[in-house]
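Reviewing the structure listed below.
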Amino acid sequence: MLSEVLSLVESADRAVGITVFFGALLGGIYDWTNRSPILARIKSMLPITFVYITLTLVGVVFQLDTGSWTDRYLLHVTIGVGAMAFAHWGQWFINDWTDTETDQHSNPDRPLATGQVTETQILATGISLLGVGMLFSGAVKPEAAIALFGWILVAIVYTIPPFRLKDGAFSSMLCFGLLGTVAILFGSLLVAPTPNQSVWMLIAVLMVVIPVNSSYQDLPDEEGDSKAGIDNFVVRYGSGRVKRFLAVSFPISFIATALVFGWYAALPLFAGLGGVVTYLLVNWQGGDEIDPQISTVIGLYFISLAVSQYTW
């Protein structure tokens with residue numbers, strides 16, 4: 001009994017240590033944002049980075065389920081979270097580099113659009129961060145590195161011509177689904193050689209949930225994207241119509257997830273998270289960005305998936 005208690009204490013200490021480390025890292029980024037436009041850009045990425053980190057952790061939890069979280073696994077997960085964060089930041093800088101012209105209309109406050117940094121600096125930063133992410137994942141195991149490389153390939157196809165699937169209404173939604181589910185696969189492979197049945201089931205469910213709800217990120221950019229000739233879901237159907245659709249799709253898809261996995265006791269939690277997104281959408285009158293707030297709620301939804309899987 002005493003050994004089990006000590007083991008739990010040691011696990012809690014490691015968890016606190018990891019939390020403090022990443023808290024200090026994010027705090028440092030916030031502290032330096034006024035001194036560097038590059039770090040200021042990373043600061044704006046944090047809500048959606050939080051989403052991909054939680055997806056990685058969900059993959060780990062679904063793979064291990066109620067199994068033992070050994071020191072080796074905790075180390076692998078810590079490195080993997082860092083790898084995903086660096087890869088996501090790198091992909092976003094590459095996206096900025098390819099969006100130089102469109103950002104003049106849709107996001108004129110970005111560092112590249114305002115001339116605070118050059119295209120060469122943005123591109124070099126993006127490639128460097130992608131490289132660091134690959135190095136981190138390779139330090140864990142080859143399977144994890146391959147999964148992260150797959151995630152980067154999807155991000156490249158989403159962003160870079162001649163593919164540039166982000167310009168299509170439905171192709172962009174498909175890419176978001178792939179980015180989310182490959183992040184889960186990456187988390188699974190951090191701690192196991194092959195994904196288990198629970199991981200594949202979650203991937204199948206989220207391959208529906210994520211694309212259906214992904215257009216919230218384009219709501220604030222409707223006018224700029226339209227001027228730039230981007231044919232995404234919001235431009236094609238209008239922000240008002242998409243907002244009403246999402247206000248219904250979020251709570252329905254969140255509740256449906258709990259039902260599919262049989263987490264009946266967690267239904268109020270998932271319904272509540274969906275209701276928060278609906279509240280944000282209904283009260284959004286255009287202009288101001290709404291995606292950081294919704295991204296935060298989505299991250300909490302993914303955390304709820306992990307907690308529910310571990311608990312029930």
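Which one of these is modelled with pLDDT of 95 or more and open to solvent by 40 Å² or more (accessible area, probe 1.4 Å): Leu269, Leu273? None of the other options fit; the residue is Leu269. In this structure, Thr181 qualifies as surrounded by 23 or more Cβ atoms within 10 Å (Cβ to Cβ), touching a helix residue (DSSP H, G or I) at 6+ places or on another chain (Cβ under 8 Å) and either within 24 Å of Trp263 (Cα to Cα) or not aromatic (Phe, Trp, Tyr) (or both). Would it be correct to say that Ala258 is closer than 26 Å to Trp312 by Cα and either open to solvent by less than 60 Å² (accessible area, probe 1.4 Å) or among the charged types (D, E, K, R) (or both)? The answer is yes for Ala258. For region 227-247, enumerate the residues that are under 13 Å from Ser172 (Cα atoms) and either touching a Pro at 6+ places or on another chain (Cβ under 9 Å) or not charged (D, E, K, R) (or both). Correct list: Ile230, Asn232, Phe233, Val234, Val235. Give the residue that is modelled with the lowest pLDDT, with candidates limited to residues of region 276-286 that are open to solvent by less than 40 Å² (accessible area, probe 1.4 Å) and outside any helix (DSSP H, G or I). Only one residue fits best here, namely Gly286.
Checking each residue of region 163-173 against the condition of being crowded, with 22+ Cβ neighbours inside 10 Å and under 28 Å from Val60 (Cβ atoms) gives at least one match. Entry remark, region 163-176: residues being closer than 16 Å to Gln91 by Cα and either under 11 Å from the mean Cα position of the chain (by Cα) or assigned to a helix (DSSP H, G or I) (or both) number 5 in total. Restricting the first member to region 301-312 and to residues that are closer than 10 Å to Leu269 by Cα and in contact (Cβ under 8 Å) with a residue 24 or more places away in the chain, and the second to residues that are aliphatic (A, V, I, L, M) and open to solvent by 80 Å² or more (accessible area, probe 1.4 Å), the beta-carbon pairs closer than 6 Å and six or more apart or on different chains are Ser304/Leu269.
Annotation for region 190-202: no member residue is on the phi < 0 side of the Ramachandran plot, open to solvent by less than 30 Å² (accessible area, probe 1.4 Å) and free of Cβ contacts under 8 Å to residues at least 60 places away in the same chain.
Inside region 241-255, residues that are without any contact (Cβ under 8 Å) to a residue 40 or more places away in the chain and open to solvent by 30 Å² or more (accessible area, probe 1.4 Å) make up a count of 6.
Residues that are surrounded by 15 or more Cβ atoms within 10 Å (Cβ to Cβ), among the acidic types (Asp, Glu) and part of a loop (DSSP other than H, G, I, E, B): does region 290-300 have at least one? For region 290-300, residues surrounded by 15 or more Cβ atoms within 10 Å (Cβ to Cβ), among the acidic types (Asp, Glu) and part of a loop (DSSP other than H, G, I, E, B): absent. Among the residues of region 115-154, those that are of a type outside the set (Lys, Arg), open to solvent by less than 50 Å² (accessible area, probe 1.4 Å) and farther than 29 Å from Ala40 by Cβ comprise Gly138, Val140, Ala144, Ala145, Ala147, Gly150.
The values are calculated or read from the model by the stated rules, or taken from the named source; none is laboratory data. Please read all numbers here as calculations on a predicted model, not as lab measurements. A quick note on method: Cβ atoms are made from the backbone with ideal geometry, for glycine too, and the neighbour counts reach across all protein chains shown. Areas reflect the complete protein model, heavy atoms only, side chains present, ligands, DNA and RNA absent. Shrake-Rupley method; radii C 1.70, N 1.55, O 1.52, S 1.80 Å.
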